[in-house]
Amino acid sequence: AISLSTEEGAAAIANIVNKIMNGTAPNKERLTGATLVPLVKSQSKVRPIAIGEIFTRLAARCLLRQQSKDLANYFAPIQMGVQQPGGAERIVHSVRKAYNAGDSILSLDLSNAFNRINRMTIRATLSEHFPGLLRYFDWAYGHSAPLWYENGLLTRSQEGVRQGDPLGPALFAAGIHHVLV
């Protein structure tokens, strides 16, 4: 057994994370799956929270950091929710400015949007604008991934971006950007 608090342990973690980032990690079925934990919202409603693998989330965070400047530049000024410091505040100020100028304002709430965005649309945007994310995306999203509940398989994630994926908001934004433009 390797102790994670040693140089050997750190190297082992870096090796796994690099393989995930490069789309070459084995066991993708396990590494892209998630465990569902029920969050009770009311007496009759439960919201499942998906908790994905730590190594896959770590790899996604590393990729997000590597691509942060390119993502910010690509989505600005249309989308302010990806790699835009103070994005929410900028949205409020721009809406207020538009309202005060007499412009029309439309607010949309897309039901379950992250889970329904088309993965091929995301992939097309990545292929054209973010090739550095493509190997990870194909590895992580090029198949359905298992969602486990307690001791068994409950269902599979087949569409959209995964809950808890640090790249999820950027991937979603990539999937809708052409519509917003």
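The values are calculated or read from the model by the stated rules, or taken from the named source; none is laboratory data. None of the values given here were measured: they were computed from a predicted structure. Every residue, glycine among them, receives a Cβ derived from its backbone with ideal geometry; neighbour counts consider all protein chains shown. Calculation scope for accessible area: heavy atoms of the full protein, side chains included, ligands and nucleic acids excluded. Shrake-Rupley method; radii C 1.70, N 1.55, O 1.52, S 1.80 Å.
Somewhere in the stretch 11-32, is a residue in contact with a strand residue (DSSP E or B) (Cβ under 6 Å, 6 or more places away or on another chain) and under 19 Å from TYR136 (Cα atoms)?
Yes: one or more hits.
With respect to the conditions (1) closer than 12 Å to ALA34 by Cα; (2) free of Cβ contacts under 8 Å to residues at least 12 places away in the same chain, GLY164 falls short on a single one, namely (2).
Looking across the stretch 39-54, just one residue is of a type in the set (Ser, Thr, Tyr) and either open to solvent by 60 Å² or more (accessible area, probe 1.4 Å) or touching a Ser or Thr at 6+ places or on another chain (Cβ under 8 Å) (or both), and that is SER44. Here is the figure for the stretch 15-38: residues that are more than 12 Å from ILE54 (Cα to Cα), at pLDDT 95 or above and open to solvent by less than 60 Å² (accessible area, probe 1.4 Å) total 3.
Take the conditions in contact (Cβ under 8 Å) with a residue 60 or more places away in the chain and open to solvent by less than 10 Å² (accessible area, probe 1.4 Å) and apply them to LEU126. Does it pass?
Values: in contact (Cβ under 8 Å) with a residue 60 or more places away in the chain: no; open to solvent by less than 10 Å² (accessible area, probe 1.4 Å): yes.
Taking the combined requirement at face value, the residue does not satisfy it.
Per this entry, ALA101 is not counted among residues that are open to solvent by less than 40 Å² (accessible area, probe 1.4 Å) and among the hydrophobic types (A, V, I, L, M, F, W, C).
Just one of SER157, SER144 is over 21 Å from LEU71 (Cα atoms), surrounded by 15 or more Cβ atoms within 10 Å (Cβ to Cβ) and small (Gly, Ala, Ser); which is it? Just a single option satisfies the conditions, and that option is SER157.
Tell me, please, whether a residue that is touching a residue at least 40 places away in the same chain (Cβ under 8 Å) and in contact with a strand residue (DSSP E or B) (Cβ under 7 Å, 6 or more places away or on another chain) can be found in the stretch 72-92. No, every residue in the stretch 72-92 fails to be touching a residue at least 40 places away in the same chain (Cβ under 8 Å) and in contact with a strand residue (DSSP E or B) (Cβ under 7 Å, 6 or more places away or on another chain).
Quick check on PRO48: is it farther than 28 Å from ASN18 by Cβ, in contact (Cβ under 8 Å) with a residue 40 or more places away in the chain and not in a helix (DSSP H, G or I)?
Values: farther than 28 Å from ASN18 by Cβ: yes; in contact (Cβ under 8 Å) with a residue 40 or more places away in the chain: yes; not in a helix (DSSP H, G or I): yes.
Yes; evaluated as a whole, the condition is true for this residue.
Of everything in the stretch 77-96 that's within 12 Å of ALA174 (Cα to Cα) and not β-branched (Val, Ile, Thr), which residue is surrounded by the fewest Cβ atoms within 10 Å (Cβ to Cβ)? Here the residue is GLY81. Scanning the stretch 26-45 for residues that are assigned to a loop (DSSP other than H, G, I, E, B) and farther than 28 Å from ILE13 by Cβ yields LYS41, SER42, GLN43, SER44, LYS45. For ILE2, the test of being among the β-branched types (Val, Ile, Thr), open to solvent by 80 Å² or more (accessible area, probe 1.4 Å) and part of a strand (DSSP E or B) is failed.
Only helices (runs of 4 or more DSSP H) wholly contained in the stretch 64-142 count here; list those with 2 or more residues that are of a type in the set (Val, Ile, Thr).
Details: elements: 87-100, 113-116, 119-129, 131-141.
Fully inside the stretch 64-142 and qualifying: 87-100, 119-129.
Only one of the listed residues (SER111, SER107) is at pLDDT below 85, open to solvent by 90 Å² or more (accessible area, probe 1.4 Å) and of a type outside the set (A, V, I, L, M, F, W, C). That residue is SER107.
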